[in-house]
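Data block below; observations after.
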């Protein structure tokens, strides 16, 4: 079994772009939820066409392709605010808006530390049909793996529950191409769209930073769905 030191070494320099990520957990076990990039934009609305243009990783869309509202979320798997959104507001978003064809959601990787990146890699390796269920499981169990002394062991347990073997787990976390693509996704979010904290949402191009409550979500979506 890989211990924490070997896990972090294994992810290593080849899998980590220092300019894009900060491998750090803050006091209190909540992790780092802010990332600074030189020269980043602070626009409150971005060009929707540019936002939806292909990036380093293919988008995994949850919801109907022709939904009138598109929410793009940039999140980090070890971000406490992201976990709060996904355990409180996301179920409402899915039932009330996504499942009814009104909204489609695209989650884009913006890991703020190396463990968050590993978790995203596992979600990607699970396959498109299991991506969002894996993300949900990881957020629901964040406290059990994100800040433990042995995140690799905890992540492997979750991966096995999803049907992944230990060999597949190790192969996934050794995929430097995927790791680099996740780095580039985060870098693009920061440089092109002004993402500097997680979660950050773009609702039909409008930038909405911070973990929205169900009431906040309703307020943002109401005018877009009025007709």
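This table checks each residue for (1) at pLDDT 50 or above; (2) part of a loop (DSSP other than H, G, I, E, B).
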{"site": "18", "(1), (2)": "no, yes"}
{"site": "21", "(1), (2)": "no, yes"}
{"site": "31", "(1), (2)": "no, yes"}
{"site": "42", "(1), (2)": "no, yes"}
{"site": "57", "(1), (2)": "yes, yes"}
{"site": "73", "(1), (2)": "yes, no"}
{"site": "78", "(1), (2)": "yes, yes"}
{"site": "82", "(1), (2)": "yes, no"}
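Report yes if residue 211 is surrounded by 16 or more Cβ atoms within 10 Å (Cβ to Cβ), out of contact with any strand residue (DSSP E or B) (no Cβ under 6 Å at 6 or more places or on another chain), in a loop (DSSP other than H, G, I, E, B) and in contact (Cβ under 8 Å) with a residue 40 or more places away in the chain, otherwise no.
So residue 211 fits the description; yes.
Mind listing whichever residues of the stretch 99-119 are out of contact with any strand residue (DSSP E or B) (no Cβ under 6 Å at 6 or more places or on another chain) and closer than 14 Å to residue 72 by Cβ?
109
In the stretch 150-160, what residues are in contact (Cβ under 8 Å) with a residue 24 or more places away in the chain and over 20 Å from the mean Cα position of the chain (by Cα)?
150, 153
For residues in the stretch 105-117 being surrounded by fewer than 24 Cβ atoms within 10 Å (Cβ to Cβ) and in contact with a helix residue (DSSP H, G or I) (Cβ under 7 Å, 6 or more places away or on another chain), which is modelled with the lowest pLDDT?
Filtering the stretch 105-117 for residues that are surrounded by fewer than 24 Cβ atoms within 10 Å (Cβ to Cβ) and in contact with a helix residue (DSSP H, G or I) (Cβ under 7 Å, 6 or more places away or on another chain), the one modelled with the lowest pLDDT comes out as 114.
Do you know which residues across the stretch 46-68 are free of Cβ contacts under 8 Å to residues at least 40 places away in the same chain, surrounded by 14 or more Cβ atoms within 10 Å (Cβ to Cβ) and either at positive phi or more than 18 Å from the chain's Cα centre (by Cα) (or both)? Write out each step before concluding.
Just the residues of the stretch 46-68 that are free of Cβ contacts under 8 Å to residues at least 40 places away in the same chain, to begin with: 49, 52-54, 58, 65-67.
Retained after the next criterion (residues that are surrounded by 14 or more Cβ atoms within 10 Å (Cβ to Cβ)): 52, 67.
If the condition is that a residue be free of Cβ contacts under 8 Å to residues at least 40 places away in the same chain, surrounded by 14 or more Cβ atoms within 10 Å (Cβ to Cβ) and either at positive phi or more than 18 Å from the chain's Cα centre (by Cα) (or both), then 67 is the only one that fits.
Would you pick out the residues in the stretch 152-192 that are over 14 Å from residue 117 (Cα atoms) and in contact with a strand residue (DSSP E or B) (Cβ under 6 Å, 6 or more places away or on another chain)?
189 - this is the single residue of the stretch 152-192 that is over 14 Å from residue 117 (Cα atoms) and in contact with a strand residue (DSSP E or B) (Cβ under 6 Å, 6 or more places away or on another chain).
In the stretch 86-126, which residues are assigned to a loop (DSSP other than H, G, I, E, B) and more than 13 Å from residue 178 (Cβ to Cβ)?
89, 99, 100, 101, 102, 110, 112, 113 - these are the residues of the stretch 86-126 that are assigned to a loop (DSSP other than H, G, I, E, B) and more than 13 Å from residue 178 (Cβ to Cβ).
Does residue 101 count as on the phi > 0 side of the Ramachandran plot and out of contact with any helix residue (DSSP H, G or I) (no Cβ under 9 Å at 6 or more places or on another chain)?
yes
The values are calculated or read from the model by the stated rules, or taken from the named source; none is laboratory data. Just so it is clear, the structure is predicted and the values come from calculations on it, not from any experiment. Positions of Cβ are generated from backbone atoms using ideal geometry, with glycine treated the same way; all protein chains shown enter the neighbour counts.
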